[in-house]
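Before any comments, here is the structure.
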Amino acid sequence: MYTAQGKMNRESVLQQYYPTVRRQALSLQVRLPAGVDIDDLIQAGLEGLLDAFGRFDPTAGAAFSTFAHQRIRGAMIDELRSRDWLPRSVRRNARDVEACMRKLEHQLGRVPEEREIAEALDMPLEEYQKLLLDTNNGLVLSYDEVVTEQTELSGNGGAHDSPAEALFSGERKELIAHAIGSLPEKEKLVMALYYQEELNLKEIGAVLDVTESRVSQLHSQAIKRIRAHILDDL
């Protein structure tokens, strides 16, 4: 990957990291609407890789692989965030759920249960669970997006910060870790299996002995709890 002068070679970097770009694109695609082209994600990831190649400073102490990983994923998330495919009504309902969660947590002094959220929203549990599915299937709801929105709202992000770079900021990382720690055990397990173990929804369903749709609901609800928790602390 390096030339005789100790500099990284652009073509070698592209060749070596292409499998990483493709793997990350596939991991995102499994929770996106069918209309999202895998090639678009790969292209965005390659652009992120080239950005990492151009900006990497070997004297900064970080390994290029770590820096590239952040840039690749950040570029893909930025590409997806630029596509506003969710109907406004679904986005509005998602915000209503998060506001309801914050209100109930203050009232109850604990994380509200699913049925309590549905009752507070004045809708049957089945309708609330369908709403969770709608929002989970229409967005890439990941740590990256949560941190990006927090950065934008708090005004603490640099002009060139990617979502992944923001994630590794100590203060924000601690805030997210605290939010995850407050999740109900089943939702916490879903997040760990999904983001740390990189299992897909079907595999997580097999571990928890629930349907894939139920895993999607739990994932969506967990993200909304984290967002509500973070926004409440701003």
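Could you check region 200-234 and list, in sequence order, the residues that are open to solvent by 40 Å² or more (accessible area, probe 1.4 Å), modelled with pLDDT under 90 and among the aliphatic types (A, V, I, L, M)?
231, 234
Taking region 72-95 on its own, how many of its residues are open to solvent by less than 50 Å² (accessible area, probe 1.4 Å), part of a helix (DSSP H, G or I), out of contact with any Lys or Arg (no Cβ under 8 Å at 6 or more places or on another chain) and more than 15 Å from residue 28 (Cβ to Cβ)?
So the count comes out to 1.
Filter region 183-199 for residues that are open to solvent by less than 60 Å² (accessible area, probe 1.4 Å) and part of a loop (DSSP other than H, G, I, E, B) and give the result.
183, 184, 199
Residue-by-condition table, conditions (1) modelled with pLDDT of 85 or more; (2) among the aliphatic types (A, V, I, L, M):
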{"site": "22", "(1), (2)": "yes, no"}
{"site": "55", "(1), (2)": "yes, no"}
{"site": "76", "(1), (2)": "yes, yes"}
{"site": "79", "(1), (2)": "no, no"}
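What are the pairs, 6+ residues apart or on separate chains, where a residue within region 49-66 that is under 21 Å from residue 25 (Cβ atoms) has its Cβ under 8 Å from a residue that is at pLDDT 85 or above and open to solvent by 50 Å² or more (accessible area, probe 1.4 Å)?
Cβ pairs passing all conditions: 50/10; 53/10.
Can you find a residue in region 101-112 that is within 26 Å of residue 203 (Cα to Cα), among the basic types (Lys, Arg), at pLDDT 80 or above and under 22 Å from the mean Cα position of the chain (by Cα)?
No: region 101-112 contains no residue that is within 26 Å of residue 203 (Cα to Cα), among the basic types (Lys, Arg), at pLDDT 80 or above and under 22 Å from the mean Cα position of the chain (by Cα).
The values are calculated or read from the model by the stated rules, or taken from the named source; none is laboratory data. What you are looking at is a predicted structure, and each value in this text was computed from that prediction instead of being measured. Please note: Cβ atoms are built from the backbone with ideal geometry, for glycine as well, and neighbour counts cover all protein chains shown. Accessible surface is based on the protein model in full, side chains and every heavy atom, while ligands, DNA and RNA are left aside. Shrake-Rupley method; radii C 1.70, N 1.55, O 1.52, S 1.80 Å.
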